[in-house]
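The next block holds one structure in the form of structure tokens; read it before the comments.
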Amino acid sequence: MFFLPFHPKYEVAMKKIQLKLDSRNRVCLTKLSKDLPTQFTAYQKDNKIILEPLATIPAHEAWLFQPENRKILEEIKKGLREKGTVKLGSFKKYLK
């Protein structure tokens with residue numbers, strides 16, 4: 001598996017909530033949102049812990065997100081945007 005920075009789908013509105021550590025020094029994030037990704041990168045800055053959500057990409061699809069394949073990715077995105085907008089017409093002439 002490969003990981004990419006988070007997807008806007010997981011963007012959470014900024015809200016301040018007091019969280020407490022449990023007996024094993026863990027923090028439960030479900031008070032923030034129940035629809036959070038499962039992988040994060042953690043940073044510590046100015047005495048704060050910053051969690052950056054990551055999106056999981058299967059290994060067989062990871063090649064597409066490499067910088068040298070940017071043009072291919074853009075073509076795929078273009079095709080997905082056009083999906084459903086092309087009129088194919090009737091296929092009756094092919095039926096026997």
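Taken together, the values in this text are just the output of simple stated rules run on the coordinates, not laboratory data. Everything numeric here is computed off the predicted structure, so don't read it as measured data. Neighbour counts are summed over all protein chains in view; Cβ atoms, including those assigned to glycine, are modelled from backbone coordinates with ideal geometry.
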Cα→Cβ-extended label distance, 7 Å offset, between ILE57 and GLN44, nm: 3.0
J(HN,Hα) series, region 51-57, from Karplus relation 6.51 cos²θ - 1.76 cosθ + 1.60, nearest Hz, glycine and proline x: 9, 10, x, 10, 9, 8, 10
Placed amide H near PHE40: partners under 5 Å, 5+ positions off or other chain: LEU54
